[in-house]
Amino acid sequence: MKQIFNGQILTPQGWLKGGSVVTDGNKIAAILTSELPIEGAERIDAKGASIVPGGIEMHVHGGGGRDFMEGTVEAFREAVDAHLQYGTTAIYPTLSSSTVPMIEKAVEACQELMNEPDSPIMGLHLEGPYFNPKQAGAQIPEWIKSPVPEEYIPLLKNSPCLKRWDEAPELPGSIDFIHACCEHGVLPSIAHTRATYEDVHAANEAGMTHATHFYNAMPVVYKNREFKTPGTVESIFAEENMTVEMIADGIHVPPIMLRMIWQIKGVEKTALVTDSLACSCTHGDAAFDPRVILEDGVCKLADRSALAGSIATMDRLVRTCVQQAGIPLEDACRMISETPARIMGILDRKGTLETGKDADIICFDSDLNVNFVMQMGRVVRNDI
């Protein structure tokens, strides 16, 4: 047993001061209103830190010098371990647009690690390859295409670790793809798209309820002769049940727009993601991949042709929202934990600090740097 005390605790009812969190094994045993010692429990002094639920990463391509597209257990493990140090306690590894053999290889590695006791890996996320080629971004254009049932149906049937699949809903065959995802418990998400309002509405009606890296790789309102036409962004805003995710590194989406999304969609429908590449969690060292350079804190392709991804970590998402976008700390923390858990269907065991839930806990100091990380009851970082 462990008892974390001397900090403000984020509970579903709000901040609790003068209390403590007690863990037993990999579960939260109690949220107490007292800091009095519990017999037999190891005491962890938070020293005034904010004690909050661990971060749930819905969209991340790699870290620590490893990319999930490598498709090996070693690459998956090293990338996940790197992000654990920065407050990510549950993770959905992401593949960019890939070939079927690459996806199958990653599925095998992901499933093996998910089967390990207390694994932080919650499932696999496929970003593509069913995208609009005009919104390819840094996706490999040769692999982008419309949905192919002969490809996606076997993958959905044979990949229990597959939990999310991103697609552009204006493509032919999209509605069938969305229905197939929903049938197999996979979250379909709109991405790399030029969808009109009609496309977005039809997709949403079919079961596409989430938007990938909102504002990025999708058009905003545009002018058609003298008339305004809603872009994909405005169409997603209009669909009240659609959730969104923001790359909150302060670069992909300016802080004022982060605040606007939070104001319109609300904390319960807005998640924060890093969308970070292998060059994240490496202290700025991207020498391992000659295709990638670091410029202004963002990973870009070496030919500078496209914005490739970020180097953000979970703690940076919170700092950006609070310090630059003026979002309350409570809401920023909920958007890295409770909201992703709700979107991905794991709120019954993760996302909030409550008795009986998984012991995934992180602490932020007064400068909003992570100084403590517990994943399933295991302390993986303690700089308090």
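Please give every one of the aspartates and glutamates within straight-line cross-link reach of Lys17, meaning a C-alpha to C-alpha distance under 14 Å, and leave out same-chain neighbours fewer than 8 residues apart. Of all the aspartates and glutamates, those that pass the test against Lys17 - Cα under 14 Å, at least 8 places apart if same chain - are Glu35, Asp45, Glu330.
Using C-alpha pairs below 8 Å separated by at least 6 residues, the relative contact order for the chain is 20 percent. Cβ-Cβ distance of Glu142 and Asn382, R₀ of 41 Å, FRET efficiency by 1/(1 + (r/R0)^6): the value works out to about 0.35. Pairs of Cα atoms nearer than 8 Å and 6+ residues apart set the relative contact order; for segment 1-61 it is 40 percent. For segment 153-208, a simple Cβ point-charge model (Lys and Arg +1, Asp and Glu -1, everything else neutral) yields a dipole of about 300 debye relative to the Cα centre. What the chain shows is 39 Å² of accessible area per residue, with the surface traced by a 1.4 Å probe over protein heavy atoms.
Identify, among Trp262, Gly207, Ile44, the residue whose Cα sits farthest towards the positive end of the charge dipole of the chain, taking +1 on the Cβ of Lys and Arg and -1 on the Cβ of Asp and Glu, with the dipole about the Cα centre. Farthest along the dipole direction, towards plus: Trp262. Quick check: Cα centre of segment 319-350 to Cα centre of segment 70-108, how many Å? The two parts, judged by their Cα centres, are 22 Å apart.
At most 10 other Cβ atoms within 10 Å and a DSSP loop assignment: could you name the trypsin sites (Lys or Arg not before Pro) in segment 156-187 that fit? Before the final figure, lay out the partial values.
Values: sites: Lys157, Lys163, Arg164; in loops: none.
Passing sites in segment 156-187 do not exist.
Taking 0.36 nm per residue of separation and subtracting the Cα-Cα distance, full extension of the segment from Ala238 to Glu183 would add 17.3 nm. Hey, for a label at Gln323 modelled as a point 7 Å past Cα toward Cβ, could you say which residues of segment 210-253 have their backbone N under 15 Å away? Within reach of a label on Gln323, which here means backbone N under 15 Å from a point 7 Å along Cα→Cβ, segment 210-253 contributes 248-251.
Report, in debye and to the nearest 20, how large the dipole of the chain comes out about its Cα centre when Lys and Arg carry +1 and Asp and Glu carry -1 on their Cβ.
On the way: 32 positive and 52 negative charges, 131 e Å.
Magnitude of the dipole: close to 620 debye.
Counting Lys and Arg as +1 and Asp and Glu as -1 over every other residue whose Cβ lies under 11 Å from the Cβ of Val267, the net charge comes to 0. Count Lys and Arg as plus one, Asp and Glu as minus one, and take only other residues whose Cβ is under 11 Å from that of Gly345; the net charge is then +4. For the chain, carbon and sulfur atoms together expose 50% of the accessible surface, with a 1.4 angstrom probe and every protein chain in place. Are any of the pairs Lys27/Lys105; Lys134/Lys223; Lys105/Lys357; Lys163/Lys265; Lys163/Lys228; Lys2/Lys47 more than 25 Å apart by Cα-Cα distance, and if so, which? Violating the 25 Å limit, Cα to Cα: Lys27/Lys105; Lys105/Lys357; Lys163/Lys228.
Exactly which trypsin sites (Lys or Arg not before Pro) in segment 165-253 are in a DSSP loop and have at most 12 other Cβ atoms within 10 Å? Provide the component values of the computation, followed by the final result.
On the way: sites: Arg194, Lys223, Arg225, Lys228; in loops: Arg194, Arg225.
When the trypsin sites (Lys or Arg not before Pro) of segment 165-253 are filtered for loop state and at most 12 Cβ neighbours within 10 Å, Arg225 remain.
Counting only helical runs of four or more DSSP H residues, what would the 222 nm mean residue ellipticity of the chain come to if each run contributes -39,500 (n - 2.57) and the total is spread over all its residues?
Working: 10 runs with 96 residues, N = 384.
So the calculated ellipticity at 222 nm is -7000 deg cm²/dmol.
Can you bin segment 7-47 into rounded, prolate or oblate? Criterion: square roots of the alpha carbon gyration tensor eigenvalues sorted a ≥ b ≥ c, rounded for a/c under 1.5, prolate for a/b above b/c, oblate for the rest. Intermediate results must be reported in sequence, preceding the final value.
Working: a/c = 1.93, a/b = 1.34, b/c = 1.44.
Cα axes put segment 7-47 in the oblate bin.
The values are calculated or read from the model by the stated rules, or taken from the named source; none is laboratory data. Small disclaimer: the values here were computed from a predicted structure and weren't measured. Cβ atoms come from the backbone with ideal geometry, glycine included; neighbour counts cover every protein chain shown. Just the protein is used for accessible areas: all its heavy atoms, side chains included, with ligands, DNA and RNA removed. Shrake-Rupley method; radii C 1.70, N 1.55, O 1.52, S 1.80 Å.
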